Amino acid sequence: MLPAIHDTGTGAPVLFLHAFTLDASQWDHQVAALSGDMRCIRVDLWGCGSSPAPPAGEPALDGFAAAVLAALDSLNIDKVAVVGLSMGGYLAFTLWRLAPQRIRALALCNTRATADTAAARGDRLAMAEQVEREQSVESIVEPMVARMLSPGAHDEAHIVDPVRGRIRRCSPAGIAFAQRAMAARPDSTALLASIDVPALVIAGSRDAIIPTQEVRAMADGITDARYRELECGHLSNLERSRAVNQELATFLTAATMAS
C-alpha cells in the first residue's frame with residue numbers, strides 16, 4: 001500500500017520525510033524555497049495527512065520505508081537526496097539500511113541514530129494505547145506542541161497553529177503505528193561509518209527532545225558530515241525556516257553537482 005505522495009517542482013529529486021505527529025506539509029516552507037530548482041517529493045506516514053490508514057500487522061519502519069521505495073518506483077525515480085527530521089531521520093536510516101544505492105545525499109535534522117531507552121519505549125507504547133483508547137489525538141496536541149517547539153515559538157501563531165493542525169490531521173491509528181514502529185526500531189549507530197554520500201546534520205540548541213550533544217556525536221560518526229546548530233527547538237525547519245532553507249539549498253546543490 002503506497003502512502004500519499006506530494007510531488008512539486010522539477011530538477012534533481014529530493015525526498016522529504018516528516019517528524020512524528022506531523023505530515024508532509026511540515027516541509028511547505030522548504031518546498032516553496034527549493035522547488036524552482038529541485039523536484040520535491042514528500043510522503044505522509046500511514047494514518048497522517050492524506051495517507052490511508054496503516055496496514056494490518058506488526059508496526060515497523062521497515063515496512064513504511066519499503067512503501068516509500070515503491071512510491072519512488074511509481075514515479076520512475078531511482079536515486080534521491082533524503083531529508084529527514086526526527087522520525088524522518090529514523091526513516092532515512094532505515095532507507096540507508098535497505099537501499100543505500102538509492103541515496104545520493106543525506107540531511108539529518110533534529111534526529112538520533114540510537115534506539116530508544118527502555119523508558120522512552122515505554123512512553124511511546126503508553127501514548128499508542130492512550131490514543132487508541134480515547135479514539136482521539138486531542139489529548140496529545142498541547143503536550144506535543146510544548147515538547148517540539150522552543151518557548152519563544154509558542155507566541156508565534158504562524159508557527160504554533162499549523163503544528164496543532166498537523167497533529168490533528170493524524171488519526172489515532174496513525175499515531176499508534178508511528179509510536180510502535182519507532183519503539184521497535186534498531187540502533188543505527190553502526191550504520192554511521194558506512195554513510196559515504198554527502199551528509200548534513202542540523203541540531204537545535206533548544207531542542208527538548210534530542211540534545212545537541214547527541215546530534216553532534218551522530219555527526220562525528222559520519223565521515224565529513226557538515227554539522228550546523230541553530231537556535232531553535234525540535235522543529236528547526238519551522239522555527240528557523242530561512243536558515244534551514246539556506247543550508248539545504250547550499251548542501252543539495254553541491255551534492256547534485258558532485259553526483
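Under the rule a/c < 1.5 gives rounded, and otherwise a/b versus b/c splits prolate from oblate, where does the range 140-254 land using the Cα gyration tensor? Verdict is oblate for the range 140-254.
Among the cysteines of the chain, 40, 109, 232 have no other cysteine beta carbon within less than 4.7 Å of their own. For the chain, modelled as a GNM with alpha-carbon contacts under 10 angstrom, which of 92, 32, 65 fluctuates the most? Fluctuation is largest for 32. Within the range 6-129, the ratio Rg/Rh, alpha carbon atoms throughout and Rh by Kirkwood, equals 0.96. Along its first, second and third principal axes, ordered by size, the chain spans 50, 40, 35 Å in Cα coordinates.
Put in line by how crowded their Cβ is, counting other Cβ atoms within 10 Å and starting with the fewest, 123, 155 read 155, 123. When the chain is treated as a Gaussian network with alpha carbon springs shorter than 10 Å, the biggest mean-square fluctuation among 81, 107, 118 belongs to 118.
Helical runs (DSSP H, four residues minimum) scored at -39500 (n - 2.57) apiece and divided by the length of the chain put the mean residue ellipticity at 222 nm at -14000 deg cm²/dmol.
Rounded to the nearest Hz, the phi-derived 3J(HN,Hα) couplings of the range 178-189 under the Karplus curve 6.51 cos²θ - 1.76 cosθ + 1.60 (θ = phi - 60°) are 4, 5, 5, 5, 5, 4, 8, 5, x, 6, 9, 4, where x marks glycine and proline. Here the extension length gained between residue 8 and residue 50 equals 13.6 nm, from 0.36 nm per residue of separation less the Cα-Cα distance.
Loop by DSSP (not H, G, I, E, B), at most 15 other beta-carbon atoms within 10 Å: where is the longest site-free stretch of the chain for GluC sites (Glu not before Pro)? Longest site-free region, per DSSP loop and neighbour criteria: 1-155. Beta bridges from DSSP with both residues in the chain: antiparallel share about 15 percent, rounded to the nearest 5.
Read-outs: derived from the displayed coordinates by stated rules, not from any lab. Since this is a predicted model, take the numbers as computed values, not measurements. All Cβ positions, glycine included, derive from the backbone under ideal geometry; neighbour counts span all protein chains shown.
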